[in-house]
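Chemist: Dropping the structure in here first, questions after.
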Amino acid sequence: MRFNLNWLSIAALTSVASIASAQGDFCAEASRFGDVTVSPPTLSPGKSFTIVANLTCAIHLGYTPTFLDYYIDAVARHTVSGPILIARRTYNQSTSPPMDKVTAVLPHWTYYKDAEYSLRMDNSFARPGGRPGETVITVGGILTPINITGF
């Protein structure tokens, strides 16, 4: 059996997928815990920045947050300190559109020029437990790359 897709067919499929995504009818698996952006994406200690979490897909896919935690994570070839907690929030489920917005100040801490930094959002969400009426809180997260300068 031989399959032959021409460029027009691929473009049409891409267009349909883009429209569905834009209309909220499609959520990528990678967005199951939400999507997060940081502005500005380059941070300096003592300076403020804004985190915006879009939780449309998380809620659509059944991962409605109970709590949201925001951390600065680092990866390097040497030991770096553990994640830095930036904010811990109880999610207001009546927020429309479903989002969370936090303005924070990057703390003065030990940062490394050779480290790669990310902002991590942890979405803690409730699931039915093993017994009737029991609820278990479990966690899923998403990373977005950031730059840290001026230290």
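Just so it is clear, none of the values below were taken in a lab; they were calculated from the coordinates. These numbers were taken from a predicted model, which means no experiment stands behind them. So basically every Cβ, Gly included, is an ideal-geometry build from the backbone, and we count neighbours across all protein chains shown.
Chemist: Could you give every pair whose Cβ atoms fall below 7 Å, whose first residue belongs to region 31-49 and is touching a residue at least 60 places away in the same chain (Cβ under 8 Å) and surrounded by 12 or more Cβ atoms within 10 Å (Cβ to Cβ), and whose second residue is assigned to a loop (DSSP other than H, G, I, E, B) and of a type in the set (A, V, I, L, M), counting only separations of at least 6 or pairs across chains?
Modeler: R32/L61; G34/L55; L43/L106; S44/L106; P45/L106; K47/L106
Chemist: Only one of S81, S96, S118 is in a strand (DSSP E or B) and under 23 Å from G140 (Cα atoms). Can you tell me which?
Modeler: Checking each option against the conditions leaves just S118.
Chemist: Would it be correct to say that S81 is under 22 Å from G34 (Cβ atoms) and without any contact (Cβ under 8 Å) to a residue 40 or more places away in the chain?
Modeler: Taking the combined requirement at face value, the residue does not satisfy it.
Chemist: Going by the structure shown, is Y63 of a type in the set (S, T, Y) and more than 25 Å from E29 (Cα to Cα)?
Modeler: Here the answer is no, as Y63 does not meet what is asked.
Chemist: Return the total of residues in region 77-114 being closer than 22 Å to H60 by Cβ, loosely packed, with under 14 Cβ neighbours inside 10 Å and hydroxyl-bearing (S, T, Y).
Modeler: So the answer is 4.
Chemist: Is it true that P65 is surrounded by 15 or more Cβ atoms within 10 Å (Cβ to Cβ) and either of a type in the set (K, R) or without any contact (Cβ under 8 Å) to a residue 60 or more places away in the chain (or both)?
Modeler: For P65, the condition - surrounded by 15 or more Cβ atoms within 10 Å (Cβ to Cβ) and either of a type in the set (K, R) or without any contact (Cβ under 8 Å) to a residue 60 or more places away in the chain (or both) - is not met.
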